[in-house]
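A short reminder: the numbers here are calculations on the coordinates, not readings from a lab. Here the structure is a predicted model, which means the values were calculated and not measured. Note: ideal-geometry Cβ built from the backbone for every residue, glycine included; neighbour counts use all protein chains shown.
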Amino acid sequence: MTEPMRISAFFDETSHTVSYLVVDPATRAAAIIDAVLDYDHRAGRADVTSAGRILAVAEQLSARVEWVLETHVHADHLTAAPWLKAKTGAKTGIGAEVAQVQKIFRPVFDLADVSLDGAEFDRLFADGDHFAIGGLDVEVLHTPGHTPACVSYRIGDAVFVGDTVFMPDYGAARADFPGGSARALYRSIRRLLALPPETRMFLCHDYKPPGRDHFVWETTVAAQRAENVQVHDGVSEEEFVAMRHKRDAELAAPELLLPSIQVNIRAGRFPRAESQGARFLRIPVKLAPELDAVV
Ligand SMILES: [Fe+2]
């Protein structure tokens, strides 16, 4: 019998993000999905401790990282993709609709150096694309809703679903970011839940809802269909959309929204250093009219 693929999960408690290392045991080829850059917003400092941990495990497994993949342009953490690419020579990949996300956010930050065609990434995946991690076949499913560019990666009996559904006791992702759509999210989730019931689902986040004392990021299609509090079998599109609109209206902006988006639409690159050697991120600020008039 052939050895099963090896999946290692790495949980970042700061952003509640789960990154994955997927290794093909036959060829030792590997992919990293949704790697987190350690970013201290208060101090304005970025580090690669978390990404380094993933590489250390890859090394222990004698794995060769060939892909650094994103499920979407994250709004709650910065990606460590450029550093991982530099260390491993891996290719970066994301959903082709990232161009849409760039078109939405380039003007928000007034960034001249962002392409509008996803050129910052090595590979742009369309729905139904296949690619290989060594001997493992990866199928790409376009699963928009949380963002227009969200994709899920299906490998054998596992699917990495990004921000679509979370654990059954927590529900689904928010759909209120620019370009997001609760209706599209519902359809994407139903598509994922139409996969074979035993399919293992690996999530991008866990927020440990009240009543649970430990973080979990793996479940199954069957468990989601039976138990997901927001989108179990029987919840209609209209019910889901109404619930999502109500919930999303109550949610605050993620703490790292502004730094994350402007870095992640550049595939993780920071702006070039300015004259004094420092690099700067941008914070667009909306002023109340009476303030705007005087400052
Ligand atoms: Fe997200």
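Quick look at the numbers
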| read-out | value |
| --- | --- |
| CD proxy at 222 nm, helix term only [per DSSP H run n ≥ 4: -39500 (n - 2.57); per residue of the chain; nearest 500] | -7500 deg cm²/dmol |
| Calculated SAXS-style log₁₀ I(q)/I(0) at q = 0.06, 0.08, 0.15 Å⁻¹ - the chain, Debye, Cα scatterers | -0.19, -0.34, -1.20 |
| Taking the chain and dividing mean pair separation by its residue count, relative contact order in percent (alpha carbons under 8 Å, at least six apart) | 16 |
| Calculated P(r) of the stretch 225-269 - Cα pairs past 17 Å, % | 56 |
| Approximate spin-label separation Asp117-His214, in nm, with each point projected 7 Å along Cα-to-Cβ | 5.0 |
| Two-decimal log10 I(q)/I(0) for the stretch 1-106, as the Debye equation yields it once each C-alpha is a single scatterer, q = 0.23 Å⁻¹ | -1.27 |
| Excluding exposed DSSP-loop GluC sites (Glu not before Pro) (at most 12 other C-beta within 10 Å), longest clean stretch of the chain | 14-197 |
| Total charge dipole magnitude, the chain, about the Cα centre, Cβ charges on Lys, Arg, Asp, Glu only, Debye to nearest 20 | 480 |
| Arg269 paired with Ala194, simple spin-label distance in nm, labels 7 Å along Cα-to-beta-carbon | 3.9 |
| Computed lengthening from Lys91 to Arg28, 0.36 nm per intervening residue step minus Cα-Cα distance | 21.1 nm |
| Listed residues Ser15, Ser188, Ser236, most fluctuating in the chain (Gaussian network, C-alpha, under 10 Å) | Ser236 |
| Highest-MSF residue in the chain out of Thr92, Thr49, Thr164 [GNM, Cα springs under 10 Å] | Thr49 |
| Ala158 long-range amide H proximity, modeled H, under 5 Å | Arg200 |
| Shape call, the stretch 247-295: gyration tensor on alpha carbons, a/c limit 1.5 | oblate |
| Extension reserve of the Arg6-Leu257 stretch, reckoned as 0.36 nm per residue once the Cα distance is removed | 87.2 nm |
| Gaussian network model of the chain, springs between alpha carbon atoms under 10 Å - residue of Met243, Met201, Met167 with greatest fluctuation | Met243 |
| Those trypsin sites (Lys or Arg not before Pro) in the stretch 240-295 that DSSP places in a loop and that have at most 11 other beta carbons within 10 Å | Arg272, Arg279, Lys286 |
| Nearest-0.05 FRET efficiency for Lys103 and His130, computed from C-beta distance (R0 30 Å) | 0.65 |
| Chymotrypsin sites (Phe, Trp or Tyr not before Pro), loop per DSSP, at most 14 other Cβ atoms within 10 Å - longest free stretch of the chain | 1-206 |
